[in-house]
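The values are calculated or read from the model by the stated rules, or taken from the named source; none is laboratory data. All of these numbers come straight from a predicted model, not from anything done at the bench. Positions of Cβ are backbone-derived with ideal geometry, glycine not excepted, and every protein chain shown enters the neighbour counts. Areas reflect the complete protein model, heavy atoms only, side chains present, ligands, DNA and RNA absent. Shrake-Rupley method; radii C 1.70, N 1.55, O 1.52, S 1.80 Å.
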Amino acid sequence: MNGKSGIKEIVLLGLVFFFVGLLVLPGCNVAPEQPNIVVIYMDDLGYGDIGAYGATSLETPNIDKLATEGIMFTEGYATSATCTPSRYGLLTGMYPWKNKNARILPGTAPLIIDTAQVTLPKMLKAEGYITGIVGKWHLGLGDGVVDWNNRIGPGPNEVGFDYSYIMAATQDRVPTVYIENGYVVGQDPEDPIQVNYKENFEGEPTGLENPELLTMHWHHGHNSSIVNGIPRIGYMKGGEEAKWSDVDMADHFLEKAGEFVKQHKDEPFFLYYALQQPHVPRTPHPRFVGSSGMGPRGDVIVEADWCVGQFIKTLEEEGLLENTLVIFSSDNGPVLNDGYYDDAVEKLGDHRPSGPLRGGKYSLFEAGTRVPFVVYWKGRIEPKVSDALVCHLDLLSSIASLVGSDMKGPDSENLLDVFMGNSEQGREALVIEATSRTAFRKGDWVMIPPYDGPAINTLVDIELGNSEEYQLYNLGNDIGQKVNLADKEKGRLNDMVTEYIQIRGEDVAVEQLILE
Ligand code: NG6
Ligand code: CA
């Protein structure tokens, strides 16, 4: 080898080492992996509802195990304090307040995700994953008029799910039937299903007019059609054979989730397992009745915890646990009386579903959106408690980064290092939402702009966060949002309002801008 080519080779070798180094250095692009991905999503489970997050009067050993053996985020947020917008944010990586239709939907609402939009399942499907949803949907179905007796679409299958086994909206809304890949399960052409949210079908009993038929009584709303003795929101006729059994719902979804896993154990899969608990109506299977001593709300949390344990056991038995990234969270904060007399308030004892946080479901205060948020991957993620600021929004871009996709959600930050436990650098800022109102979190501080409307929703007994004044809290030393520092911290307040308006857009600016 002559001198010149020797130098060339050394330079080339150096370059090779440099690029190989880039690949293996922590924080740099690591070769993509394809673990199975499971999102276990609860409905209305509060920050304080599980043992690992501080509950002492409720036992949730299976969820606690995920939290203590995975990363337990103490500052993990849903995008919204109600279901539809929250799930919209999770699946699309886009702030729900950017879509005016992302608000609590009736069972007849059209699909609110654009079929051209990037979604978490679509991104994974493009990377070769089989994708499935089992459980609550609540993002609308169809494009205006739905015939429940034919194929119902567009729906989950048109926004990225290969397989769907869902309830259309909520357990308290009609239609009270399961829908598999767009078809009502057990649909009988001789007994067609009709659904109407405005008026009843002639001769059909209602919760309002037929209290004698009820096994559960309504407190507010929930006085339309009666199914299984439970009055619902909306009217439904027909489909007798197809109607679900409320007390069997948890077992049913668990079985479907398990079937999906077993069927697809040999290929990378994504499963969105969206449990219905502890949303109303709370209908524990008889074997869980009385299990919590707290009435149906506690009982269905114990039931859900059992489901989570069984589901993880299935992953384990199939030899998949070490190759599955599990994310556990809840769509929004807790509520006790959400429209039925079910002893949730009366039997609460000293349990605090919101933990140390103020507010609850529907609220702009912390308990509305700050939720249990756990990331677990056996053998891969080291256990820890993290106080990095993370949001469901971020899962799309972070998981994309894990599997080697360059798709991103519009508002989704790539926090893969945080979710894998290698960094504490979460988001710097986040806009949270509650029933179409928004607030702004930056660092430890949260700013809630003035809103009209009652301070408390007296029906559900939850502080909503409305005030004529700006509110500014330092969550670093005031997690319960007790001291409003808006007057004392004028400079910070101004900065936060300015940044918030930049993110939210000028339409919110006019009434909310502070003028000194
Ligand atoms: C409310 C319902 C409540 C619950 C909620 C949706 C009434 C009076 N209240 O309108 O019971 O169904 O919608 O909850 O009807 S969520 O978790 O799906 O957002
Ligand atoms: Ca919910």
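Assorted remarks:
- Complete set of residues in the stretch 208-234 that are outside any loop (DSSP other than H, G, I, E, B), surrounded by 17 or more Cβ atoms within 10 Å (Cβ to Cβ) and either polar (S, T, N, Q) or in contact (Cβ under 8 Å) with a residue 24 or more places away in the chain (or both): Trp218, Ser225, Val227, Ile230, Pro231, Ile233
- Those strands (runs of 3 or more DSSP E) lying entirely in the stretch 428-499 with at least 1 residues within 22 Å of the chain's Cα centre (by Cα): 429-434, 437-442, 445-448
- Some residue of the stretch 369-388 being among the basic types (Lys, Arg), assigned by TED's automatic domain parsing to the domain that holds Pro85 and buried (at least 19 other Cβ atoms within 10 Å of the Cβ): yes
- Screening Ala242 on (1) within 15 Å of ligand 1 (Cβ to nearest atom); (2) aliphatic (A, V, I, L, M); (3) in the same structural domain as Glu158 (by TED's automatic domain parsing) shows it passes everything except condition (1).
- Here Ser80, Ser57 are screened, and the one residue that is small (Gly, Ala, Ser), at pLDDT 95 or above and more than 28 Å from Met420 (Cβ to Cβ) is Ser57.
- Only residues that are out of contact with any strand residue (DSSP E or B) (no Cβ under 6 Å at 6 or more places or on another chain) and under 29 Å from Gly360 (Cα atoms) were counted across the stretch 245-286, and they come to 17.
- Candidates Leu357, Leu348, Leu364, filtered to the one that is assigned by TED's automatic domain parsing to the domain that holds Asn99, outside any helix (DSSP H, G or I) and surrounded by fewer than 20 Cβ atoms within 10 Å (Cβ to Cβ): Leu348
- Qualifying positions in the stretch 323-345 - outside any loop (DSSP other than H, G, I, E, B) and away from ligand 1 (no atom under 11 Å from the Cβ): Asn323, Thr324, Leu325, Val326, Ile327, Phe328, Ser329, Tyr341
- Within the stretch 179-207, tally of residues that are touching a residue at least 60 places away in the same chain (Cβ under 8 Å) and surrounded by 22 or more Cβ atoms within 10 Å (Cβ to Cβ): 1
- Note on the stretch 296-343: residues that are among the polar types (S, T, N, Q) and either at pLDDT below 95 or open to solvent by 10 Å² or more (accessible area, probe 1.4 Å) (or both) amount to 4.
- Some residue of the stretch 432-440 being open to solvent by 30 Å² or more (accessible area, probe 1.4 Å) and of a type in the set (Asp, Glu): no
- Residue tally, condition aliphatic (A, V, I, L, M), in contact with a Leu (Cβ under 6 Å, 6 or more places away or on another chain) and under 25 Å from Leu402 (Cβ atoms), over the stretch 114-162: 1
- Failed item in (1) modelled with pLDDT of 95 or more; (2) open to solvent by less than 50 Å² (accessible area, probe 1.4 Å); (3) in a loop (DSSP other than H, G, I, E, B); (4) more than 29 Å from Ile399 (Cα to Cα), with Gly144 passing the rest: (1)
- Scope the stretch 377-423; condition outside any helix (DSSP H, G or I), of a type outside the set (D, E, K, R) and in contact with a Pro (Cβ under 9 Å, 6 or more places away or on another chain); matching residues: Trp377, Gly404, Ser405, Gly421, Asn422
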